[in-house]
Amino acid sequence: VVLSLLLIGPLNHVGIALATSISSWFNVILLFGILVRRGHYHPDQRLARRLAGMIIASTVMGGGLWIAKNQLSAEFSADLAARIIALAILIASGGALYVVGATATGAARLGEVKNMLKRRTDR
């Protein structure tokens, strides 16, 4: 809350989102440190491979979105309908790029994702 109040002045509404993100990452790091220190968590080779794949997939997605945003710059300064369509294109292409990147690097396997989705809908 304090970080949100500090960042809302210079960054407006983006300050709240940034503060939430920073505090969430701080919480993750603290919890990870506690789990490792207490011996409850031991990262393995599989985690390292998948984490590297996630980083690569995120980088591919970010680069693709940056290129797509530049290609759609005229649409983002047009009327509301054009901006909504351009945003929808960015969202869909970002998701597709991440899925392709994650499956190509082994960070995610389509069979595992299908099983997780199936289990979630079976509830």
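Condition test on I67, is it within 28 Å of A92 (Cβ to Cβ), in contact with a helix residue (DSSP H, G or I) (Cβ under 7 Å, 6 or more places away or on another chain) and of a type outside the set (K, R)?
no
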Those residues of the range 67-120 which are among the polar types (S, T, N, Q) and closer than 30 Å to R49 by Cα amount to S93, T103, T105, N115
Condition first: at pLDDT 95 or above and either of a type in the set (V, I, T) or touching a strand residue (DSSP E or B) at 6+ places or on another chain (Cβ under 6 Å) (or both). Now tell me which residues in the range 22-59 satisfy that. I22, V28, I29, I34, I55, I56, T59
So how many residues does the range 1-25 have that are closer than 25 Å to A102 by Cα and without any contact (Cβ under 8 Å) to a residue 12 or more places away in the chain? 3
For R83, are the conditions met, namely being free of Cβ contacts under 8 Å to residues at least 60 places away in the same chain, in contact with a Phe, Trp or Tyr (Cβ under 7 Å, 6 or more places away or on another chain) and not hydrophobic (A, V, I, L, M, F, W, C)? yes
Segments classed as helices (runs of 4 or more DSSP H), wholly inside the range 16-112, with at least 1 members that are among the β-branched types (V, I, T) and loosely packed, with under 13 Cβ neighbours inside 10 Å: 45-71, 80-105
A88 - would you say it is over 21 Å from the mean Cα position of the chain (by Cα), over 20 Å from R46 (Cβ atoms) and modelled with pLDDT of 90 or more? no
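The values are calculated or read from the model by the stated rules, or taken from the named source; none is laboratory data. None of the values given here were measured: they were computed from a predicted structure. Don't worry about glycine lacking a Cβ; one is built from the backbone with ideal geometry, like all the others, and counts go over all protein chains shown.
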